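Step one of this worksheet: look at the structure below.
The values are calculated or read from the model by the stated rules, or taken from the named source; none is laboratory data. Note that the structure is predicted; figures quoted are calculated from it, not measured. Here the Cβ is made from the backbone with ideal geometry for all residues, glycine too, and neighbour counts use every protein chain on show. All accessible areas refer to the heavy atoms of the entire protein, side chains included, with ligands and DNA or RNA removed. Shrake-Rupley method; radii C 1.70, N 1.55, O 1.52, S 1.80 Å.
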Amino acid sequence: DTGVSQDPRHKITKRGQNVTFRCDPISEHNRLYWYRQTLGQGPEFLTYFQNEAQLEKSRLLSDRFSAERPKGSFSTLEIQRTEQGDSAMYLCASSTSGRQDTGELFFGEGSRLTVL
Amino acid sequence: AQSVTQLDSQVPVFEEAPVELRCNYSSSVSVYLFWYVQYPNQGLQLLLKYLSGSTLVESINGFEAEFNKSQTSFHLRKPSVHISDTAEYFCAVGGGYQKVTFGTGTKLQVIP
């Protein structure tokens with residue numbers, strides 16, 4: 001399977017705990033995005049990387065959220081001291097840039113976080 | 001800054017009837033426009049896109065969307081819907097060096 005994969009698919013945690021999600025993009029894609037989706041809303045942009053560089057981070061993202069893409073391949077999204085309001089589906093997507101850039105995002109199936 | 005407005009949160013329509021899902025966008029630069037679809041219990045996938053050229057774009061399953069620059073719209077249409085079209089549809093703007101911004105989505109419910 002050469003699509004975008006996310007792990008874990010589901011995570012239940014208690015308030016105050018830290019959680020980490022992993023995303024493996026399509027191998028030839030150099031851009032990687034994180035979005036958050038809650039019930040009844042569209043995907044909300046969190047951050048994106050081109051190779052290992054984090055190019056943009058949403059102002060809505062608190063300091064409890066951090067994302068990395070150390071070698072320009074997989075990425076991790078960590079949420080520290082989780083709150084109930086962090087409960088959502090966390091989506092990862094990848095794309096190409098440059099001459100082959102069509103703007104199309106390829107999404108994984110998401111990681112659902114439930115904070116009790 | 002860019003934004004997307006999808007005014008209709010839910011659209012019920014009878015099978016074989018036509019449907020239009022509305023999308024208006026705002027952007028200070030030239031952008032790409034997209035419609036993504038999310039079928040029940042599945043991830044988001046691209047339905048169709050406008051990059052440049054012909055303002056009318058089509059998908060392989062009969063949907064079409066028309067880019068209207070003067071009205072800043074990119075409405076999605078299908079002349080005859082099928083039960084299998086039941087899904088949530090998201091309009092999006094961005095691409096290139098602009099992040100992709102999504103609307104809040106429209107749930108299309110096809111009634112047998």
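Go through A:K11/B:K69; B:K69/B:K107; A:K57/B:K78; A:K71/B:K78 and tell me which ones have a Cα-Cα distance over 32 Å in this structure.
Those over the limit are A:K11/B:K69; A:K57/B:K78; A:K71/B:K78.
Which of the listed residues, B:V31, B:G62, B:V19, is farthest toward the dipole's positive end in chain B, when Lys, Arg count +1 and Asp, Glu count -1 at the beta-carbon?
About the Cα centre, the residue reaching furthest to the positive side is B:V31.
Among A:T114, B:S52, B:H82, whose Cα sits farthest toward the positive end of the charge dipole of the protein assembly as shown (+1 at Cβ of Lys/Arg, -1 at Cβ of Asp/Glu, about the Cα centre)?
In the protein assembly as shown, that residue is A:T114.
Can you tell me the mean projection area, over all orientations, of the convex hull of segment B:7-50's alpha carbons? Units nm², please.
The directionally averaged projection comes out at 4.5 nm².
Add +1 for every Lys or Arg and -1 for every Asp or Glu among the other residues with Cβ under 10 Å from the Cβ of A:V115, and state the total.
Summing Lys/Arg as +1 and Asp/Glu as -1 gives +1.
Give me the percent of Cα-Cα pairs in the protein assembly as shown that sit more than 23 Å apart, rounded to a whole number.
Roughly 48 percent, rounded to a whole number.
Tally Lys and Arg at +1 and Asp and Glu at -1 over the other residues with C-beta under 12 Å from the C-beta of B:I111: what net charge comes out? Don't skip to the answer; put the middle values down first.
Numbers: positive: none; negative: B:E15, B:E16, B:D85.
That sum, taken over residues with Cβ under 12 Å, equals -3.
Quick check: Cα centre of segment B:35-112 to Cα centre of segment A:24-52, how many Å?
Between the Cα centres of segment B:35-112 and segment A:24-52 lies a distance of 19 Å.
Below 12 angstrom from the Cβ of B:S27, what's the summed charge of the other residues (Lys, Arg +1; Asp, Glu -1)?
Taking every other residue near B:S27 into account, the sum is +2.
For chain B, what number results from the quotient of the Cα radius of gyration and 2.2 N^0.38 Å?
Dividing the Cα radius of gyration by 2.2 N^0.38 Å gives 1.01.
Compare A:K71, B:K78 by solvent-accessible area with a 1.4 Å probe and give them largest first, with all protein chains kept in place.
A:K71, B:K78
Rounded to whole Å and sorted largest first, list the principal axis extents of the Cα atoms in chain A.
On the principal axes, chain A reaches 45, 27, 26 Å in Cα extent.
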